[in-house]
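Below is one structure, written out as structure tokens, with a few remarks after it.
The values are calculated or read from the model by the stated rules, or taken from the named source; none is laboratory data. Predicted model, so just to flag it, every value in this text is computed and none were measured. Cβ placement follows ideal geometry from the backbone for every residue including glycine, while neighbour counts extend to all protein chains displayed.
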Amino acid sequence: MFFRYKSHIATWLMAAAFTAVSIVSMAVQAAAPATGAEAACMIDVNTGRILYQHNPTKWMHPASTTKIVTLITALDQCSDKLDQPLKISSYAANIEPSSLGIAPGDALTVREALRGMMVVSGNDAAVAVAETLGGSVAGYAAMMNAEAQKMGAAHTHFVNPNGLTAPKHYTTAVDMAKMAAYGMKNFPEFRYIVSLKAYDVKYLDGRTPKHVTTTNHFLKSNYQGANGIKTGFTNAAGDCLVASATRNAQTLAVVLFNDDDRWEDAPAILDYGFRRLQIGK
């Protein structure tokens with residue numbers, strides 16, 4: 001009789017515990033925030049698990065989030081060329097609208113151009129990097145497409161390194177999440193560059209460095225653990241953002257394409273992701 005009573009108590013406690021966990025799990029799921037983004041995706045950088053998605057496979061204009069792949073391609077395929085001088089053509093120098101402000105004859109390395117490119121979203125620097133490392137914009141775009149395939153981005157195609165709107169230049173939210181996670185996970189230099197709130201671009205001839213500040217308001221928002229990555233905008237793409245944060249050695253990255261509320265949506269979705277990680281869901 002006593003043992004049957006203990007068995008009933010144990011069964012009741014197990015059932016209560018299971019119910020409590022289920023309630024917490026449902027509460028977390030129910031708390032998944034809405035988004036105004038046309039497409040969105042959040043990834044656990046450590047594991048590759050998708051924790052949030054909205055139209056994740058819809059083909060989208062990536063705008064300057066393209067530069068994430070411009071940077072990864074340089075770090076992965078051209079690591080031995082990063083400290084060589086940047087070649088700056090008149091074509092590259094005159095690319096608009098956002099620019100680092102480089103000109104033919106400026107003496108700086110590819111590495112410095114990449115850092116300035118990511119901080120200020122310099123379209124001119126992106127083209128100069130492409131021409132230096134790939135021989136041409138088309139040549140470097142082919143390198144970027146090979147890199148995208150390597151990263152598992154099966155529905156992505158680039159024709160330029162800066163993200164200006166062009167036919168056959170597209171990606172998806174889930175593809176961009178995978179590529180951002182790949183960069184964050186595999187390249188310390190990538191993590192460093194995308195975390196920069198400001199940077200002094202150094203010249204080889206000793207002139208005064210050019211001070212640039214980030215276009216990424218998320219980095220300056222005091223969001224707990226914020227550490228990257230990249231903004232984007234064109235008329236076709238709308239407001240775009242790839243944002244990452246790390247808490248307790250766990251890093252999440254969220255992609256928002258065509259989202260007028262990107263600065264509000266990113267923290268809300270990341271908070272949701274960290275809640276899921278906290279309860280193991």
> Only one residue in Glu96, Glu38 is modelled with pLDDT under 95, of a type in the set (D, E, K, R) and on the phi < 0 side of the Ramachandran plot. Which one?
Replying inline: Glu96
>> Return the residues of segment 197-207 that are among the aliphatic types (A, V, I, L, M) and touching a Gly at 6+ places or on another chain (Cβ under 9 Å); say none if nothing qualifies.
In response: Val201
>> What's the number of the only condition in (1) outside any helix (DSSP H, G or I); (2) of a type in the set (D, E, K, R); (3) surrounded by 24 or more Cβ atoms within 10 Å (Cβ to Cβ); (4) touching a His at 6+ places or on another chain (Cβ under 8 Å) that Asp200 fails to meet?
In response: (3)
>> So, in segment 103-118, how many residues would count as being of a type in the set (A, V, I, L, M) and over 24 Å from Val242 (Cβ atoms)?
In response: 3
>> I want to confirm something. Restricting to segment 83-141 and keeping residues that are part of a helix (DSSP H, G or I) and hydroxyl-bearing (Ser, Thr, Tyr), which single residue is surrounded by the most Cβ atoms within 10 Å (Cβ to Cβ)?
In response: Tyr140
> Which pairs do you get when a residue that is touching a residue at least 24 places away in the same chain (Cβ under 8 Å) and under 18 Å from Ala126 (Cα atoms), found in segment 164-183, comes within reach of a residue that is small (Gly, Ala, Ser) and assigned to a strand (DSSP E or B), reach meaning Cβ atoms under 6 angstrom, with the pair 6+ apart or on two chains?
Replying inline: Ala180/Ala253
> Would a scan of segment 42-65 turn up a residue that is part of a helix (DSSP H, G or I), of a type in the set (Ser, Thr, Tyr) and within 24 Å of the chain's Cα centre (by Cα)?
Replying inline: yes
> Does Ala92 satisfy the condition of being of a type outside the set (Phe, Trp, Tyr) and under 24 Å from Ala153 (Cα atoms)?
Replying inline: no
